[in-house]
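Below is one structure, written out as structure tokens, with a few remarks after it.
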Amino acid sequence: MTPKQTLILWCLLGKQGHALQGEIVPKIEKKDREALVSAGYITAPKSGRAFSLKVEDRGWRWANEHLCDELPPNFQVLKNWLIRVHHFLEKNGQTLADFIGPARESSVEPVADKRRLRPSREGVPRPLKKRPKPLTERQLRARIEKAYLVITNGRKAESVLLSKVRAQLADLARPTVDAGLLRILQGDEKARLGQISDPKVLTQEEREAAFSPGGEAFHLLWIQP
């Protein structure tokens, strides 16, 4: 990546990996956005008239592996802070995703809010919709188990594909679901994540749905009774 693209990605990560393009500094040019999308580090779908940028698993892996990389001389302060973060994560056995945490569900809604503030054709302002409150850890764990049980028809002690779990949780942002999977990986009495070791069995859908903290991919969820 170019130095500017590197700074764009660090800025986006500082916003928990999800933000509108206009919120990012330095200003993002089309060529830089498309380069990051092409490399698989981010996705950039349109949200109204703006681009909604989100760091994907490959971007998080890149960040974990490049905290100590050299930066341009004008950004030594950033470099020093990133090195401190690297040592902290290494000491505590955590990933950058642990440190940053999941993005807020409401962080990319300003464009939609502006549209809702416009008056209706009758001249009466439309009411604002309440933004959903972020799920607590317990609520998120319950949502994941509910999705699991829908897939297994209420049975436990079965392995299910994360692609199917994500499909059941399509109303939640990917970083939110990943935060719940990470807590399972870090220690859950009744749930665990599994891997599909045979690359011939993995479909593209399973590769894209994999949960990959620190570069190690998990494809399965298992919950015991």
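Tabulated data
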| item | result |
| --- | --- |
| Listed residues G59, G93, L20: farthest to the positive end of the dipole of the stretch 3-100 (Cβ charges) | L20 |
| Global form of the stretch 137-223, assessed from the alpha-carbon gyration tensor, a/c cut-off 1.5 | rounded |
| FRET efficiency, 1/(1 + (r/R0)^6) with R0 41 Å, evaluated for F88 and Q139 via beta carbons | 0.90 |
| Gain on full stretching of the segment that runs from L149 to Q204 - 0.36 nm per residue minus C-alpha separation | 17.4 nm |
| Zone residues, the stretch 191-221, relative to D69, backbone N less than 17 Å from point 7 Å out along Cα-to-Cβ | 214-215 |
| Burial ordering of S38, S159, fewest other beta-carbon atoms within 10 Å first | S38, S159 |
| Where GluC sites (Glu not before Pro) fall in DSSP loop in the stretch 1-95, at most 12 other Cβ within 10 Å | E29, E70 |
| Dipole in debye (nearest 20) - the chain, about Cα centre, beta carbon charges: Lys, Arg +1; Asp, Glu -1 | 1200 |
| Partner lysines for K156 [C-alpha distance under 20 Å; skip if fewer than 8 residues away on the same chain] | K146, K164, K190 |
| Ellipticity estimate at 222 nm from DSSP helix runs (n ≥ 4, -39,500 (n - 2.57)) divided over the chain, nearest 500 | -13500 deg cm²/dmol |
| Neighbour-limited loop hits for trypsin sites (Lys or Arg not before Pro), the stretch 176-225 (at most 11 other Cβ within 10 Å; DSSP other than H, G, I, E, B) | K200 |
| At most 10 other Cβ within 10 Å, DSSP loop - trypsin sites (Lys or Arg not before Pro), the stretch 21-95 | K27, R49 |
| In nm, spacing of pseudo-spin labels at Q224 and Q76 (7 Å Cα→C-beta vector) | 5.4 |
| Most mobile listed residue (Q204, Q94, Q168) in the chain, GNM with C-alpha springs under 10 Å | Q204 |
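Where a number appears in this text, it was derived from the coordinates with a stated rule and is not lab data. Note that the structure is a prediction, hence the values are computed from the model and not measured. Quick reminder, even Gly has a Cβ in these numbers, built from the backbone with ideal geometry, and neighbours come from all protein chains shown.
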